[in-house]
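*Asks:* Following this message is one structure expressed as structure tokens.
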Amino acid sequence: MNRPSLQSRIAGIEASSRHDPGGRGLACRAPGGLLLPAAQSLLTCQRTVIVTGFCIRAAMIGETDGPPGALALASALRRLGKDVVLLSDDFSIPLLKAGMATSSDVFRLATLGLPQADADAAIDALLASFSPTHVVAIERPGNAADGHRYSMRGEQLDDLVPSADRLLAPPPPRTFRTLAVGDGGNELGLGKLRDTLMGGISHGELIFSATAADHVIPAGISNWGAYALAAALSVLAGKLLIKAPQHERAVLQAMVEAGAVDGCTRQRELSVDGLAWDDYARTLEDIYRQACEGLAST
């Protein structure tokens, strides 16, 4: 396969993941060409920490965006022979467990708790024991410029959600690469886009993350961004690393049964960011189709 073909295929996957049904203004305004270098970096990983989980205050449980994408990416990395640890909090760990139960994939889970000192200690211990080569944040609240964490509505979440910013920006020297997937700007790691894009985001100056990852993947929905990253790894590796959308439906259903809610409607339903399954799945199907072209399933 020649290089232009590879680049164009990954560009097509990136374009699909940038579909912005909620009109949030992040994915559609972000510069293009970010997925390929992110995937190239992650392809070289040996050990990866994936942090996810976004508690919805009205339901006191994690949402349906984030954990499914984290599992899809973790599964892709496992198929490449990489070691993965999933990191979240008490509101989303049960969702990850429910999602894992839909397949044979079992990953080590680590938990962030409050007070913040406990979360920081857990991060330091994980970095010391696991020695990651890469860290990926997927739909995880990040510290804004004022040090607080916010929802898209501008609700402060500090009392529910421990900061995981130390995971991307530990005391120097940092020895690993960092990636971040988000759809609203308030997610951990998207600080790289803060100065250029916060003006086009509702409450942007207040909520936009201040911590910058080495690579950022803006998406219309964060699960799509994580799925696109796994699809791009498939193209680079020359073998299919993502599971079909129907498997993603089973994962989503299991998480909803475990209590997950749609982050927009705040209801327990088979939807993500206000999109019912059929509408949400069209983008997954498009990404899956592009990843499958010319690849052999493993």
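The values are calculated or read from the model by the stated rules, or taken from the named source; none is laboratory data. In this text the structure is predicted, and so the values were computed from the model without any measurement. Note: ideal-geometry Cβ built from the backbone for every residue, glycine included; neighbour counts use all protein chains shown.
*Asks:* Within the group Ala59, Ala39, which residue is at pLDDT 95 or above, surrounded by 24 or more Cβ atoms within 10 Å (Cβ to Cβ) and farther than 17 Å from Gly99 by Cβ?
*Replies:* After ruling out the rest, the residue left standing is Ala39.
*Asks:* Listed residues Gly66, Gly33; which is surrounded by fewer than 23 Cβ atoms within 10 Å (Cβ to Cβ) and small (Gly, Ala, Ser)?
*Replies:* After ruling out the rest, the residue left standing is Gly33.
*Asks:* Could you figure out which of (1) closer than 18 Å to Gln290 by Cα; (2) of a type outside the set (Asp, Glu); (3) surrounded by fewer than 16 Cβ atoms within 10 Å (Cβ to Cβ); (4) touching a residue at least 24 places away in the same chain (Cβ under 8 Å) isn't true of Thr44?
*Replies:* (1)
*Asks:* Answer yes if at least one residue in region 45-56 is more than 19 Å from the chain's Cα centre (by Cα) and farther than 17 Å from His215 by Cβ, and no otherwise.
*Replies:* no
*Asks:* OK, next. Considering only region 189-280, give the helices (runs of 4 or more DSSP H) lying wholly within it that have at least 1 residues that are among the aliphatic types (A, V, I, L, M) and within 27 Å of Gly33 (Cβ to Cβ).
*Replies:* Result: 194-197, 204-207, 222-237.
*Asks:* Out of region 148-186, which residues are assigned to a loop (DSSP other than H, G, I, E, B) and touching a residue at least 60 places away in the same chain (Cβ under 8 Å)?
*Replies:* Ser151, Met152, Glu155, Leu157, Leu160, Val161, Pro162, Ala164, Asp183, Gly184, Gly185
*Asks:* Let me ask another. I'd like the full set of residues that are among the hydroxyl-bearing types (Ser, Thr, Tyr) and modelled with pLDDT of 95 or more, limited to region 200-257.
*Replies:* Once the filter is applied, which keeps residues that are among the hydroxyl-bearing types (Ser, Thr, Tyr) and modelled with pLDDT of 95 or more, region 200-257 yields Ser209, Thr211, Ser222, Tyr227, Ser234.
*Asks:* Something else: Does Pro162 count as modelled with pLDDT under 95 and over 17 Å from Asp65 (Cα atoms)?
*Replies:* Spelling it out, it is not the case that Pro162 is modelled with pLDDT under 95 and over 17 Å from Asp65 (Cα atoms).
*Asks:* Looking only at residues that are touching a strand residue (DSSP E or B) at 6+ places or on another chain (Cβ under 6 Å) and among the polar types (S, T, N, Q) in region 160-198, which one is surrounded by the fewest Cβ atoms within 10 Å (Cβ to Cβ)?
*Replies:* Thr178
*Asks:* A follow-up question, please. How about region 243-257: which of its residues are under 16 Å from Gln290 (Cα atoms) and either buried (at least 19 other Cβ atoms within 10 Å of the Cβ) or among the β-branched types (Val, Ile, Thr) (or both)?
*Replies:* Within region 243-257, Lys243, Pro245 qualify.
*Asks:* Being farther than 20 Å from Cys292 by Cβ and in contact with a Ser or Thr (Cβ under 9 Å, 6 or more places away or on another chain) is the filter; apply it to region 1-30 and report the residue that is surrounded by the fewest Cβ atoms within 10 Å (Cβ to Cβ).
*Replies:* Ranking the qualifying residues of region 1-30, first place goes to Pro21.
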